[in-house]
1. Within the stretch 1-108, considering only strands (runs of 3 or more DSSP E) that don't extend past its boundaries, which have at least 3 residues that are modelled with pLDDT under 85?
2. Quick check on residue 391: is it surrounded by 16 or more Cβ atoms within 10 Å (Cβ to Cβ) and touching a residue at least 12 places away in the same chain (Cβ under 8 Å)?
3. Return only the number of the condition from (1) assigned by TED's automatic domain parsing to the domain that holds residue 337; (2) part of a strand (DSSP E or B) that residue 214 does not satisfy.
4. Given the conditions (1) within 24 Å of the chain's Cα centre (by Cα); (2) at pLDDT below 95, which single one is not true for residue 288?
5. Being outside the structural domain of residue 107 (by TED's automatic domain parsing) and under 19 Å from the mean Cα position of the chain (by Cα): is that true of residue 195 here?
6. Kindly indicate whether any position in the stretch 261-280 is within 16 Å of the chain's Cα centre (by Cα), outside the structural domain of residue 26 (by TED's automatic domain parsing) and either buried (at least 17 other Cβ atoms within 10 Å of the Cβ) or more than 28 Å from residue 371 (Cβ to Cβ) (or both).
7. For the stretch 356-379, name all the residues that are more than 17 Å from residue 338 (Cβ to Cβ) and in contact (Cβ under 8 Å) with a residue 24 or more places away in the chain.
8. For the stretch 123-130, state whether one or more residues are more than 18 Å from the chain's Cα centre (by Cα), closer than 16 Å to residue 389 by Cα and not in a loop (DSSP other than H, G, I, E, B).
């Protein structure tokens, strides 16, 4: 299987090819002479690499640029072809999955969502995802051979060698199940599985609020709270792949929380139980009962706060204060350049990021606290989906960062393939 994958994505393993490809993608149209100057490679090497990339369909010549000198050779310009390959991204949520196909610039071309029950087995959901990918490719007019990889974002801890889900609070029946085997057998391309919040962090690094930033933390509030950590341009997973599970941080000293957070604290034991969309809604309902039967949403509470509802405003204030406790610990431990906050609360009330910034800047350790920037996630609800596609683009365009991370996975697949034969 991986022989075919290497043929389709051969440039993943060739750093100089990737350097050329990235430069044309980011700075093109550009000439071969400019590529040689920027890379330090000699002109003949650049020419050979460009020929190979043109033959594989990633680059093409376009137009002519006049030479700077009056008597000089005109330069043929090169441009990147984002439709040379297609990537698929899968966002596996608690009760629904969203699948998208995108070009090599992460521009989403088609997407579709399907729902499933909380007890649905992993095999059923992944099989439906495979059917959906084929349907999307057909709808967009692409053959399966155009697909170069599939990225999956899912809640929980991942075994990166087998792509099995080690632990997910909401999906215990999925534990130990590989989320990639069926897709690899169906499409014969690399499948990368990652924790959902780590996936979002990678999406913000490649395509969002942290583009060009090497050290940052992405915090996301949804069914719970988690963090994705990028250190020196690398996605940091930790020894047991559980880095960023800040939701399991204990809420100690109950008397403190009862006094400071009377609306939101109801004897929860960890931050992941109090910093959730569900608790945000419940905290408001308990102190501002409604007379109608309409389902209350985060967006509706935020709108009430904007309209001057004092209970809604206090719930938001308590949430940002609780979040600031986690953020201050993160700042003092990791010293990031940026903290990105995402989720429905922040999405509907961006001013919460300003409130959070003010609280962080009051920390006793002033230098890192005042230096860190706090901003909102760029991609909102599409963050996991774009990040999942970004998992493949990260492999494609930044191979030096990921060779060691995926080596164990490649070896595992190769051994499995040999056993099958």
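The values are calculated or read from the model by the stated rules, or taken from the named source; none is laboratory data. Given the structure is predicted, the values throughout are model-derived calculations rather than measurements. So basically every Cβ, Gly included, is an ideal-geometry build from the backbone, and we count neighbours across all protein chains shown.
1. Hits in the stretch 1-108: 59-65.
2. For residue 391, the condition - surrounded by 16 or more Cβ atoms within 10 Å (Cβ to Cβ) and touching a residue at least 12 places away in the same chain (Cβ under 8 Å) - is met.
3. Here residue 214 clears every test but (2).
4. (1)
5. no
6. No, that holds for no residue.
7. Listed by number, the list holds a single entry, 365.
8. Within the stretch 123-130 (the criterion being more than 18 Å from the chain's Cα centre (by Cα), closer than 16 Å to residue 389 by Cα and not in a loop (DSSP other than H, G, I, E, B)), the answer is yes, since at least one residue qualifies.
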